[in-house]
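The values are calculated or read from the model by the stated rules, or taken from the named source; none is laboratory data. Quick caveat, the model's predicted, so the values are computed rather than measured. Here Cβ is always computed from backbone atoms with ideal geometry, including for glycine, and neighbour counts include all displayed protein chains. All accessible areas refer to the heavy atoms of the entire protein, side chains included, with ligands and DNA or RNA removed. Shrake-Rupley method; radii C 1.70, N 1.55, O 1.52, S 1.80 Å.
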Amino acid sequence: MIRNRVLFVLAAAIAVAALALPFLSFAPNRLLSGQGIALAAALEMPRGLALLAPGAVLLAVPFLRPSRGATAASVAAALLVGAGLLWLAGLHAAELAATAPPAARTSFGSGFWAMEAAALLAALDGARRLGLPAPGRIALGLATALLLAAPLAAGQLDQLSILKEYANRRDAFSDAVLRHGAIVAAALVPTLALGLPLGVLAQRRPTVGRLLFPVLNIVQTIPSIALFGLMLAPLSALSAAFPSLGIAGVGMAPAVIALTLYSLLPIVRNTAAGLDGVPEPVREAARGMGMTPAQLFLRVDVPLALPVLLAGFRITLVQAVGLAAVAALIGAGGLGAIMFQGLFANALDLVLLGAVPVILLALAADALLRLAEALLPLPGGRRAV
Amino acid sequence: MTRPMIAFEGVTKRFGSWTAVDGVSLAVEEGEFCVLVGPSGSGKSTLLRMVNRLAAPDAGAVRVAGEDIAGLAPEALRRRMGYVIQSVGLFPHWTVARNIATVPVLLGWPRARVRERVDALMRLLNLDPDRFRGLYPHQLSGGQQQRVGVARALAGDPPVLLMDEPFSALDPITRGTLRTELAQIHRKTGKTILFVTHDMDEALALADRIAVLEQGRLVQHATPREILTRPADGFVRDLVGREEWGLKRLAVETAGERARPDAPPPSEQPPGEPLPGDMPLRRALSEMIARGVDRLPVMDAEGRPAGVLHLADLVRS
Ligand SMILES: Nc1ncnc2c1ncn2[C@@H]1O[C@H](COP(=O)(O)OP(=O)(O)OP(=O)(O)O)[C@@H](O)[C@H]1O
Ligand SMILES: [Mg+2]
């Protein structure tokens, strides 16, 4: 009998992908489409056991009586499957490279992506079921990151196409990462400078909120490409009229403005919601004790609203990291530029070289801020779960 | 008792078209324990909140120690007044000690003095400092939270205490204990207290004078005994309670007041532990029933015989 349907479906998906989908794809050069290579080809014994053993555990756990031990085993197995897939892909790519011409490329196949995604989902689902306290979740997150980063750091993935693309443009890549961070940081400054006061105002003056929120909501519904495009005309006009400003219709300025517009909603909304959540009797007591308005705000309102504020900041940051990739379309540079370069050149691995770091950056930003939230003393002295 | 500590002079407060407080004039002398009673919505909290300017009167004036508070800085005024809010309102992100220290910290007391004061107050309110100092409000029971609320109000050693149903939502026993503690604090410190409750027994037990509010109007302002013996109207009589009126009446007089002063010869001295002279007659009646006697000796504060209380004396008015 199946006791854990979610895990069963994920484990079955891994098994099906292993049998039916190409694990890797091998092409004579980076522009030609490749030929599928099944997982079985890479599963040479005994090293294949590194994948088969945890895979078997993952398939067995859904049939066991649910217990913390079984769940913990499934998390460990899922993480090992995830890491093992990467490791085997790297090893097999290196074996193929040894006999192939230098222009030949080995890339991840659809089977790899499907299995990797299912394995990580299974780990995430199991971790949720374990309901670990904050330190445990942080430790698990770090362990996962280390496990997946280890083959990369050890150079075992160097023969995969995506890393060959990286090796070809090492400098451009690190510039793009820095540029990406700079766009996001440049957008966060005006976002916070405008968003925090607007949030306070919207909470104190309901009329302001009623006018502001519909506008910010509409901005959020504009597709990002359209919004970036909309920035072009007015900024070009501005730069034509006042060339001394140094603002251009393309590049950093429109990207930062558009990102700021998108980022305002979560910041303003969460600032207002956080302040709304401060209990009225507590504010009345603070006033009754003789706190000045500034003391009331800094000593009562802000600390009590802080968890919601931080959540808003996290949403904003993750969203901005993703949207900044699109900003490359209007010449802002960043990781998006690498992605679009790959798209236009029909080089899938170049697209990945841009996209994967964006995803990792967003995940890292999310994890770091969740960590900050978890360490924050919450109202009542409790810490976040 | 020259000028009142708190004086309402024709105070009116409206919320829209609703008049919450209607032309109230009321004086609370220095050191007096004044209790505001009245049904829910009669304007008790609103009247109280006008003393520390959390609400501003639409007409009339409030004076504290002779000064019209409309001309004072609200923050300075509030730091001179302890305030116990009806819904407790402890700061959830601060420990018990930090909560109690609120006003001393605002007043800029040195750290050591704040700490000393916090510990002293916790002991005064029967909260073991070592156990409770570092706890957060959500870790306390309702009664402990209300004690912290009272301690926080006392912390700056204010001459005036404003207490809005500080013991609501407590079981009768805890309520009784806190009531006794508050009466002791009042006796020891001589603070002027304006206390809101809609529990008439609490009012009768604590008050020097009771102010009865009905729909924002002051219908009677008098001592507990007068409220019982000469209620201003049917409303006050209902508030006092028709059913147990007699027992409440007994609650505001003491054994010493009703005892027959001439001490009988030792042979006729009724047996049993003598009652203290300041015991309310209601308790004295309870003692007689419990001991199955109709006479009990009474002693004065020094423990000397002060006469004999007869059951018949209790019904003499
Ligand atoms: N901020 C306000 N806005 C509108 N009406 C109010 C406000 N504060 C009080 N009122 C109204 O004024 C009246 C008196 O309220 P108040 O809080 O003084 O009553 P209370 O005697 O303390 O009652 P309770 O015993 O229930 O605490 C009520 O009818 C109440 O609805
Ligand atoms: Mg009230």
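Between A:Ile267, A:Ile330, A:Ile222, the GNM of chain A built on Cα springs shorter than 10 angstrom shows A:Ile222 fluctuating the most. For segment B:222-227, the Karplus equation 6.51 cos²θ - 1.76 cosθ + 1.60, evaluated at θ = phi - 60°, returns couplings of 7, 5, x, 5, 5, 4 Hz by residue, with Gly and Pro reported as x. Principal-axis analysis of the Cα atoms of chain B puts helix B:172-189 at an angle of about 80° to the longest axis.
What are the equivalent ellipsoid semi-axes of chain A, built from the alpha-carbon gyration tensor (square roots of five times its eigenvalues), in whole angstrom, biggest first?
Its equivalent ellipsoid spans semi-axes of 43, 32, 15 Å.
Give the average, rounded to an integer, of partner chain Cβ atoms located within 10 angstrom of each Cβ in B:83-96.
Mean partner-chain Cβ count within 10 Å for B:83-96: 6.
Based on protein heavy atoms only, segment A:1-134 ends up with 49 Å² per residue of surface accessible to a 1.4 Å probe. Accessible surface of segment B:1-136, 1.4 Å probe: 49 percent of it comes from carbon and sulfur atoms. Against the empirical curve 2.2 N^0.38 Å, the C-alpha radius of gyration of segment A:49-136 lands at a ratio of 1.33. Solvent-accessible area lost on pairing A with B (1.4 Å probe, both sides summed) amounts to about 1900 Å².
Within the shell defined by Cβ-Cβ distances under 13 Å, the residues around A:Leu348 carry a net charge of +1, with Lys and Arg each +1 and Asp and Glu each -1.
Mean separation of Cα pairs under 8 Å and 6 or more residues apart, divided by the residue count, gives chain A a relative contact order of 15 percent. The relative contact order of chain B comes to 18 percent, based on Cα pairs under 8 Å that sit 6 or more residues apart.
At a temperature of 10 °C and a viscosity of 1.306 mPa s, determine how fast segment B:173-291 diffuses translationally according to Stokes-Einstein, using the Kirkwood radius over alpha-carbon pairs as Rh; express D in µm²/s, rounded to the nearest whole number.
Answer from the Stokes-Einstein relation: 97 µm²/s.
Compared with its chain on its own, segment A:273-313 contains the following residues whose accessible area drops by 30 Å² or more in the full protein assembly (probe 1.4 Å; ligands, DNA and RNA excluded): A:Pro281, A:Val282, A:Glu284, A:Ala285, A:Arg287, A:Gly288, A:Met289, A:Gly290, A:Met291, A:Arg299, A:Leu304. Summarising the overall dimensions of segment B:1-143 from its C-alpha atoms, the Rg and Dmax are 17.7, 51 angstrom.
With q set to 0.15, 0.20, 0.29 Å⁻¹, the log10 of I(q)/I(0) for segment A:32-79, from the Debye formula over equal scatterers at the Cα positions, is -0.52, -0.71, -1.01.
The amide H of B:Leu309, built 1.01 Å from its N in the peptide plane, has B:Arg260, B:Leu296, B:Val298 as neighbours under 5 Å, considering only residues 5 or more places off or on other chains. Placing B:Asp278, B:Asp313 in order of accessible area, with the largest value first and a 1.4 Å probe, yields B:Asp278, B:Asp313. Database remark: amide H of B:Leu36 closer than 5 angstrom to the amide H of B:Phe195, B:Val196, B:Thr197, B:Ala211 (H placed geometrically; neighbours at sequence offset of 5 or more, or on other chains; Pro and chain starts carry no H). How big is the Kirkwood radius of segment A:236-385, worked out from every pair of different alpha carbons and given in Å to one decimal? Computed over Cα pairs of segment A:236-385, the Kirkwood hydrodynamic radius comes out at 18.3 Å.
Take the Kirkwood radius over Cα pairs of the protein assembly as shown, plug it into Stokes-Einstein at 4 °C and 1.567 mPa s, and you get 40 µm²/s for translational diffusion.
Just check segment A:204-272 against the gyration tensor rule for me: Cα atoms, a ≥ b ≥ c as the square roots of the eigenvalues, rounded for a/c under 1.5, and otherwise prolate or oblate depending on whether a/b exceeds b/c. Judged from the Cα gyration tensor, segment A:204-272 comes out prolate (a/c at least 1.5, a/b above b/c). In this entry, segment B:1-67 is assigned a mean projected area of 4.5 nm², taken as a quarter of its C-alpha convex hull surface. Proximity of backbone amide H atoms, modeled 1.01 Å from N, is registered between B:Ala59 and B:Thr12 at under 5 Å, excluding neighbours fewer than 5 places apart on the same chain. Here segment A:198-275 has 74 percent of its accessible surface on carbon and sulfur atoms, given a 1.4 Å probe and all protein chains in place. Ranking A:Ala118, A:Ala53, A:Gln295 by how far each Cα lies toward the positive end of the dipole of chain A (charges on Cβ) leaves A:Gln295 at the top. For segment A:171-188, 3J(HN,Hα) computed residue by residue from phi via the Karplus equation (6.51, -1.76, 1.60; θ = phi - 60°) reads 5, 4, 5, 5, 4, 5, 4, 4, 4, 4, x, 5, 4, 4, 4, 5, 7, 5 Hz, glycine and proline entered as x. Of all DSSP bridge pairs formed entirely within the protein assembly as shown, close to 60 percent run antiparallel.
Residues in segment A:202-209 carry Karplus couplings, in order, of 5, 6, 7, 10, x, 4, 4, x Hz; the curve used is 6.51 cos²θ - 1.76 cosθ + 1.60 with θ = phi - 60°, and Gly or Pro positions show x. Protein heavy-atom accessible surface, 1.4 Å probe, per residue over segment A:251-355: 32 Å². Estimated translational diffusion coefficient (Stokes-Einstein, Kirkwood radius over Cα pairs, 10 °C, 1.306 mPa s) of chain B: 74 µm² per second. Taken along its three principal axes, the alpha carbon spread of segment A:10-55 comes to 36, 24, 12 Å, from the longest extent down to the shortest. On the principal axes of its alpha carbon atoms, segment A:130-218 extends 60, 41, 21 Å, with the longest extent given first. For chain B, the share of DSSP beta bridges that are antiparallel, to the nearest 5, is 55%.
Computed from Cα positions, the angle between helix B:111-124 and the longest principal axis of chain B comes to roughly 30 degrees. In degrees between 0 and 90, to the nearest 10, how far off the longest principal axis of chain A does helix A:134-153 point, with axes built from Cα atoms? The helix A:134-153 is inclined about 50 degrees to chain A.
For the residues of B:151-160, the average number of beta carbons from a partner chain within 10 Å of their own beta carbon is 1.
When the helices of the protein assembly as shown are scored as -39500 (n - 2.57) per DSSP H run of n ≥ 4 and the total is divided over every residue, the value at 222 nm lands at -18000 deg cm²/dmol.
Restricting attention to segment B:202-274, which GluC sites (Glu not before Pro) occupy a DSSP loop and are surrounded by at most 13 other Cβ atoms within 10 Å?
Qualifying residues, ordered by number: B:Glu243.
For segment A:138-185, taking Cα atoms only, Rg and Dmax work out to 13.7, 35 Å respectively.
Averaged over the residues of B:72-82, the number of partner chain Cβ atoms lying within 10 Å of the residue Cβ comes to 3. Its relative contact order, with pairs defined as Cα atoms under 8 Å and 6+ residues apart, puts segment B:157-219 at 37 percent. Only Lys, Arg, Asp and Glu carry charge here, each on its Cβ (+1 for the first two, -1 for the last two); on that basis chain B has a dipole of about 960 debye about its Cα centre.
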